[in-house]
1. Taking the DSSP beta bridges in the chain as the whole, what percent of them are antiparallel, to the nearest 5?
2. Please report the carbon-and-sulfur percent of the accessible area for the stretch 1-125; probe 1.4 Å, protein heavy atoms only, DNA, RNA and ligands left out.
3. For a label point 7 angstrom out from the Cα of ARG103 toward its Cβ, which stretches of the stretch 33-75 have the backbone nitrogen within less than 12 Å?
4. Along the Cα-to-Cβ line of GLU167, 7 Å from the Cα, sits a label point; which residues in the stretch 173-209 have backbone N less than 17 Å from it?
5. Tell me the accessible surface of THR37 in square angstrom (1.4 angstrom probe, heavy atoms of protein chains only), to the nearest ten.
6. Rounded to the nearest 10 Å², what accessible area does LYS115 show when all protein chains are kept and the probe is 1.4 Å?
7. So how exposed is THR196, as accessible area in Å² (1.4 Å probe, rounded to 10)?
8. Set the Förster radius R0 to 22 Å, insert the Cβ-Cβ distance between ASP240 and THR61 as r into 1/(1 + (r/R0)^6), and round the FRET efficiency to 0.05.
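The values are calculated or read from the model by the stated rules, or taken from the named source; none is laboratory data. Quick caveat, the model's predicted, so the values are computed rather than measured. Heads up, the Cβs are rebuilt from the backbone with ideal geometry, glycines too, and the neighbour counts pull from every protein chain shown. We work out accessible area using only protein heavy atoms, side chains counted, and drop any ligands, DNA or RNA first. Shrake-Rupley method; radii C 1.70, N 1.55, O 1.52, S 1.80 Å.
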Amino acid sequence: MNANEEEVAPAVRAILDAAAEREGGSERLAVDARSLTDAFDAVEADGRVPIISEVKPTSPTTEGTRDDDPVELAEEMVAGGAAALSVLTEPEHFGGSTENLERIREAVDVPVLRKDFVVREDQLDVVESDVILLIARFVDDLAGLVEAAESRGFQALVEVHSVAELEAALAAGASIIGINNRDLAKLEVDLATFETVAQEAPDDVTLIAESGVSSVDDVRRMRAAGADALLVGTAIMDGDVRENVQRFTNATQETQT
Ligand SMILES: O=C(O)c1ccccc1NCC(=O)[C@H](O)[C@H](O)COP(=O)(O)O
């Protein structure tokens, strides 16, 4: 079945319908990207866990909206030790914007991931970022879009949720793969997803555990299963973002609980 025709949660169907309608950019971008793997290596060398901290004002599974200035949130996350940032640009269901991404990328020096539902090549040309998310399940020509992204200078983070999608991502040439613990068909989260799928990934791929991480124990669990880095949104946005990032990035240190 075509991924765009499969059954997904109504909220995700609405997100995909909106994504299909969204305009692309008019001029092809050329990005001078900050290296995501170098950023991870620097944090590892410091004895900490590489965390991609997500600026996520709201979502279909969160109550309310966080209205703080996204640039202030981003700066606090970096001060807390985030290796990289993820910035929602999806406007209708996540409260994101391309303007937020531009302002944040200008204000910080860590790599910034554009978090959106990109389904066509021209949508790559809307805003510059260091990394761009491509969701295997929702892209028809994954190899074509990975190539299109990389030829513009983006690093492609290809998101998967199953071993079959992992194989498709590898066949498409992906070298940075996010395993999403959130099933976008049911919006249920299960950290065992990362544990199962990661076992089938080759060693030379950079593996990111995405979604559902809410405690230091979860961070340790994902690291034990082979995560090179973790992408965390809700659990960081809930409260003091600097303290939350600090707690997760220091998760392997003995004094943390
Ligand atoms: O987060 C949602 O509610 C959501 C709903 C529908 C489609 C995608 C969704 N999230 C996208 C993400 O990938 C997460 O924002 C990201 O992995 C962080 O997850 P979390 O730490 O659980 O907030």
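1. Numbers: 2 of 32 bridges.
Of all bridge pairs located within the chain, approximately 5 percent are antiparallel.
2. Answer for the stretch 1-125: carbon and sulfur cover 43 percent of the accessible area.
3. 67-75
4. Answer for the stretch 173-209: 173-174, 196-202.
5. My reading of the accessible area for THR37 is about 50 Å².
6. 30 Å²
7. My reading of the accessible area for THR196 is about 80 Å².
8. Efficiency at R0 = 22 Å is approximately 0.55.
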